[in-house]
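Right, one structure below, let's go through it.
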């Protein structure tokens, strides 16, 4: 869990480790960066990237999931950059989704989160 400077927990939900390639694109400047998804929950996700985006910047995050047959399924989620921190290989980036992840809007991410949470219960 991430802790802020006052030692108060900032996240409302546990993040599940989920590693994969992602594209994080600014909705205001149209600039996109390649990133690696590190973890996610229904409210947001953590990434690392060589390049930084600005805090509070509205973004679209694109990533792909492979199904059991190896077929690629892409999902796009809208959110905003909650924080950016320097990291030895670039930047750590936290994104808060505009809407909670749900089966209706993000079936692949929602299914993965549901499955992972069941395995840890």
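When region 39-58 is filtered for residues that are surrounded by fewer than 17 Cβ atoms within 10 Å (Cβ to Cβ) and under 15 Å from residue 117 (Cα atoms), only 39 remains. The selection criterion, being within 14 Å of residue 40 (Cβ to Cβ), out of contact with any helix residue (DSSP H, G or I) (no Cβ under 7 Å at 6 or more places or on another chain), at pLDDT 95 or above and assigned to a strand (DSSP E or B), holds for residue 61. The numbered conditions (1) modelled with pLDDT of 95 or more; (2) exposed (fewer than 15 other Cβ atoms within 10 Å of the Cβ) are all true for residue 71 except (1). For the subset of region 1-38 comprising residues that are out of contact with any strand residue (DSSP E or B) (no Cβ under 8 Å at 6 or more places or on another chain) and either part of a strand (DSSP E or B) or within 16 Å of residue 112 (Cα to Cα) (or both), which member is modelled with the highest pLDDT? Among those that are out of contact with any strand residue (DSSP E or B) (no Cβ under 8 Å at 6 or more places or on another chain) and either part of a strand (DSSP E or B) or within 16 Å of residue 112 (Cα to Cα) (or both), it is 14. In region 43-51, is there at least one residue being at pLDDT 95 or above and over 14 Å from the mean Cα position of the chain (by Cα)? Yes, there is a match, as at least one residue in region 43-51 is at pLDDT 95 or above and over 14 Å from the mean Cα position of the chain (by Cα).
Residues considered: 83, 108. Of these, the only one that is on the phi < 0 side of the Ramachandran plot and part of a strand (DSSP E or B) is 83.
The values are calculated or read from the model by the stated rules, or taken from the named source; none is laboratory data. It should be emphasised that the depicted structure is a prediction, and the values quoted were computed from it without experimental measurement. A quick note on method: Cβ atoms are made from the backbone with ideal geometry, for glycine too, and the neighbour counts reach across all protein chains shown.
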